[in-house]
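Data block below; observations after.
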């Protein structure tokens, strides 16, 4: 886009009703930082929108002055593409309306997964939450979204029924499969680089009972645990999801865990997981009957920002050779090497940019860099592990690294279709997502 001479950005305070932070303001450093503190982010200003009308006012201001707007509801997924943009925060767009009879929810763009789960739990329903309760639902869904319950119900994005958006010229619009099928297709997993989403209407799913938790062993039992994990996943019904976790925390012994959720009664879950009873006694077993608003307790991920370096891949198989490569040497300096069981509904037809997810397993590698040298060591170990495993060459969009683009996540036909839409709907590139459509 053409960047015009910067206006006096203090005039933003006249254009919007929400809070505006400019460089040098006391709250700017806190306001502009991403969730991942390892990602540098240099923005022109930060706007905490008061409501959807305020979002439209900001986009009109930006478009009039040739400035890009980057929406980061909670700072998750930052890649550095917000540099030189006005950063939009939408945490005040936190409304939730649940229709238990229709099994739908209308949510603001700032609603976090845990908030939505608490709202729907009393009705015996669930959305499609991931492992963290502090990630925004909209941010995850726009990137496709991998959920604990995706094996039963597919991508998070598949549950989007409609959206309220602000177009690149600042015009608010309602988007559905009938009102704008092309944009609706793009919103269901194509990222946030076309328009600013201010709210979503989502399909909810029945969840009358839930059982889940973590079984934890010392790494000396790693091969036994991994073999059981593979055996259970090969026969698992869609309601059962297992994640294998290799854990290496500084100053502690290496560990291995099986995290699981089952949409059903405890007795059925224990029958499906009885192979784990043949393993050595676990160090801990937190499995219990859960509310759908308690899923965050399983992996207990941090709820505050911090630095991290991650890499994600999709695996075509988990055979003996793959298990050997995963287990033959410690994962350090990584803290986590996670294998997620996918398949079932993920592999079903999906009219979304990603389409069906054919790979049966996902790989997620994470480390905490304490220095540039540590970051290099983490990156080297991630590459070493990924190169030794049967990866497909694709990565889920929400897990792309800053150096990757859409072509690493989506089929070529979808990338080209999204590029045509970007050229048509945002030729001046006013909207800037975490992952760019045009590269």
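Residue-normalised convex hull volume from the C-alpha trace of the range 300-350: 147 Å³ per residue. On average over all directions, what projected area in square nanometres does the range 9-89 have, based on the convex hull of its Cα atoms? Dividing the Cα hull surface by four gives the mean projection, 4.8 nm². Binning every alpha carbon pair distance of the range 81-147 at 10 Å from zero, what are the percents per bin? Histogramming the range 81-147 at 10 Å steps yields 20, 49, 24, 6, 1 percent. Estimated from helical segments only, the mean residue ellipticity of the chain at 222 nm is -7000 deg cm²/dmol, where each DSSP H run of four or more residues counts as -39500 (n - 2.57). Ordered by the count of other Cβ atoms within 10 Å of each Cβ, fewest first, 69, 415 give 415, 69.
Calculated translational diffusion coefficient of the chain (25 °C, 0.890 mPa s; Stokes-Einstein with Kirkwood radius over alpha-carbon pairs) equals 110 µm²/s. Compute the separation of the alpha-carbon centres of the range 207-266 and the range 342-364 and state it in Å as a whole number. If we compute the Cα centre of each part, the gap is 20 Å.
Return an integer: the convex hull volume of the alpha-carbon atoms of the range 255-325, in Å³ per residue. Intermediate results must be reported in sequence, preceding the final value.
On the way: hull volume 12.5 nm³, N = 71.
Residue-normalised Cα hull volume stands at 175 Å³.
When you count the other C-beta atoms within 10 angstrom of each residue and take the mean per peptide, 57-65, 280-288 line up highest first as 57-65, 280-288. Taking every alpha-carbon pair under 8 Å whose residues sit at least 6 apart, the chain reaches a relative contact order of 18 percent.
One quarter of the convex hull surface built on the alpha carbon atoms of the range 211-397 amounts to 11.4 nm², the projected area averaged over directions.
For the range 324-439, the Cα-based Rg and Dmax, in that order, read 16.9, 51 Å. Annotation: the antiparallel percentage among DSSP beta bridges lying fully within the chain is about 90. Each part gets one Cα centre, and for the range 267-284 versus the range 1-72 those centres are 51 Å apart. For the range 211-397, what is the relative contact order in percent, using Cα pairs closer than 8 Å and at least 6 residues apart in sequence? Here the relative contact order equals 26 percent.
With respect to the chain, whose longest principal axis is taken over its alpha-carbon atoms, helix 412-425 is tilted by about 20°.
Hey, fewest Cβ within 10 Å first, where do 184, 249, 153 land in order?
By the 10 Å Cβ count, ascending, the order reads 249, 184, 153.
Laboratory data are not the source of any read-out in this text; all were calculated from the coordinates shown. Small disclaimer: the values here were computed from a predicted structure and weren't measured. Methodologically, a virtual Cβ is constructed for each residue, glycine included, from the backbone with ideal geometry; neighbour enumeration extends over all protein chains shown.
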